[in-house]
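As C-alpha cells, the structure follows; a few thoughts come after it.
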C-alpha cells in the first residue's frame, strides 16, 4: 500500500513561512477509528496534543524541523483511513511525517487476517465481532513514548497527563508562531530532560531518579530505542534501567517496535478482563492460555482492555 493513497496537496504558506500539506491515508478495512481516537483523546498531553470529537492534533519533532498535524477519521467503511492536515517548517520532512502518521494509527495492519485468527477463539469471538479492526496506537517518537510511560507508572491517566504536560511546557521547545494554534510545544529531548529534568519533575524521588537515568542513558547512546532495534536487545537494555519493569518493556515493544505478539499478562486491566471472560487470571496461566492467540497477542490485549473500558452488553 502506498503511503500516499490519495493525492497530496502541498503548498507554501508564504505569509506564515511554512509548508502546508493536505491528504488522506488509507487503512485496510475494517478500521476501528472511533476506538483509536478515543485513546488519543484520553491520553492527550496538554501543550503537546489536543483532541476534540473526531479530531486529534499533535506537535512533532522531525529530522529537519518541527510540524503540527491534525488527523480526522475518514467516514467510509469501504475505503477507511484518516485525513491529514499538516504544517511543517521544512517541506522535506513530509515523507517522514507520513510514515509516522501511518505508524501512529497502525494503518498497515491487516484486520481481516487478525480478526479471523482471534475470532477462532470462542472466548474472544464476541469482542472481535463487536469491535472489528482494532488498532495499536503507535509511537510518533520512541523516546517520548518511553518517558511518558515511565511518568505514567502507578498513577492515573489524568495525573500522568498533568505531569507530562508540565514537563513539555516547561522544557520542551516552543513551536514557532507559524505552526501554533491548538498545540504549543514539542516534547523535550532526552538531552534536555537529562540536563533540566530535575528542575520541573515532581513526585516520588524514585520515579524522578528513574526518569533521569533513562534520559541520561538515551542521551549518551547507552540505550538505543528505535523501530529498527532487535526486540530481545531492547528488552534487555530497558530492564537494566532502574524503574523499568517487564510491563514497560513489553508495552514499548508493542507501541515502538510494532510487535504484534505481546500479551500484557501482568496488566491489571487485562487480568480484570480475563476474570470477566472466565479466563485464567494468574499471570503464568493467562500467558499460557494466550499462546493460542499468537502471533496476534497484542491485538488480543487491546480486546481485553476494551472488555473493561467499553464492555460488551450483558
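Structural remarks
- Three-way shape call for the chain based on the alpha-carbon gyration tensor, with the a/c threshold at 1.5: oblate
- Each helix, a run of at least 4 DSSP H residues, gives -39500 (n - 2.57); summed and divided by the residues of the chain, these come to -13500 deg cm²/dmol at 222 nm.
- Inter-centroid distance (Cα atoms) of segment 76-96 relative to segment 269-314, Å: 33 Å
- Among 166, 196, 285, the largest mean-square fluctuation in a Gaussian network model of the chain (Cα springs under 10 Å) belongs to 285.
- Mean separation of Cα contacts under 8 Å (6+ apart) over length of segment 84-228, as relative contact order %: 19 percent
- Three-way shape label, segment 156-219, alpha-carbon gyration tensor, a/c 1.5: oblate
- Separation of segment 18-59 and segment 205-265, taken as the distance between their Cα centroids, equals 25 angstrom.
- Global geometry of segment 9-108, whether rounded, prolate or oblate, following the gyration tensor of its Cα atoms and the 1.5 cut on a/c: prolate
Quick note: the coordinates plus some simple rules give every number you see, no bench work behind them. What you are looking at is a predicted structure, and each value in this text was computed from that prediction instead of being measured.
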